[in-house]
1. Let me confirm something: among 66, 39, which residue is in contact with a Cys (Cβ under 9 Å, 6 or more places away or on another chain) and either small (Gly, Ala, Ser) or without any contact (Cβ under 8 Å) to a residue 24 or more places away in the chain (or both)?
2. On the given criteria, is residue 86 modelled with pLDDT of 95 or more and open to solvent by 50 Å² or more (accessible area, probe 1.4 Å)?
3. What pairs can you find where one residue is in segment 72-85 and over 16 Å from residue 30 (Cα atoms), the other is aromatic (Phe, Trp, Tyr) and in a helix (DSSP H, G or I), and their Cβ atoms are less than 9 Å apart, with a gap of 6+ or different chains?
4. Restricting to segment 54-87, and then to whatever is among the polar types (S, T, N, Q) and assigned to a helix (DSSP H, G or I), can you tell me which residue is nearest to residue 39 (Cα to Cα)?
5. Just to be sure, is residue 61 aromatic (Phe, Trp, Tyr) and more than 17 Å from residue 74 (Cβ to Cβ)?
6. Could you pull out the residue among 94, 57 that is touching a residue at least 24 places away in the same chain (Cβ under 8 Å) and among the acidic types (Asp, Glu)?
7. Provide a single number: the residues in segment 44-77 that are loosely packed, with under 14 Cβ neighbours inside 10 Å and either in contact with a Gly (Cβ under 7 Å, 6 or more places away or on another chain) or of a type in the set (S, T, N, Q) (or both).
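The values are calculated or read from the model by the stated rules, or taken from the named source; none is laboratory data. If you're wondering where the values come from, they're calculated on a predicted model, not measured in any experiment. Cβ sites come from the backbone with ideal geometry, for glycine too, and all protein chains shown count toward neighbours. Ligands, DNA and RNA are excluded from the accessible area calculation, which covers all protein heavy atoms including side chains. Shrake-Rupley method; radii C 1.70, N 1.55, O 1.52, S 1.80 Å.
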Amino acid sequence: ARSFLYAVNGLQARTFGVWTLLSSVIRCLCAIDIRNRTLYYLTLFTFFLALIHFLSEVFIYHTAALTIGVMAPLMVASFSILGMLIGLQYLEVEALSQNKKKN
């Protein structure tokens with residue numbers, strides 16, 4: 001059986017930590033200003049990037065096993081993408097409504 005335990009050096013751990021911090025700051029800012037379309041799209045992109053990262057580690061590079069520790073971020077990213085895509089429709093409708101009120 002192939003082992004899925006690979007050594008991570010300090011640089012890799014810190015880089016992943018900084019990425020996690022950066023994406024959480026972006027996501028919190030979007031939660032505060034949900035109507036900011038640029039921030040909304042940037043937040044959506046962070047979830048796509050996380051999903052692609054974890055899927056590639058499991059299925060392409062085989063550096064992670066499909067355990068609960070990997071499935072949890074996959075589910076969070078997937079459900080967040082779905083929710084944000086649904087929410088995007090409301091954001092677009094609201095923008096159109098605001099434009100009609102101005103005219």
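1. On inspection, the qualifying residue turns out to be 39.
2. Yes: the conditions hold for residue 86.
3. Correct list of pairs: 73/54; 74/54; 76/47; 78/47.
4. 80
5. Spelling it out, it is not the case that residue 61 is aromatic (Phe, Trp, Tyr) and more than 17 Å from residue 74 (Cβ to Cβ).
6. 94
7. Residues flagged as loosely packed, with under 14 Cβ neighbours inside 10 Å and either in contact with a Gly (Cβ under 7 Å, 6 or more places away or on another chain) or of a type in the set (S, T, N, Q) (or both) within segment 44-77 amount to 3.
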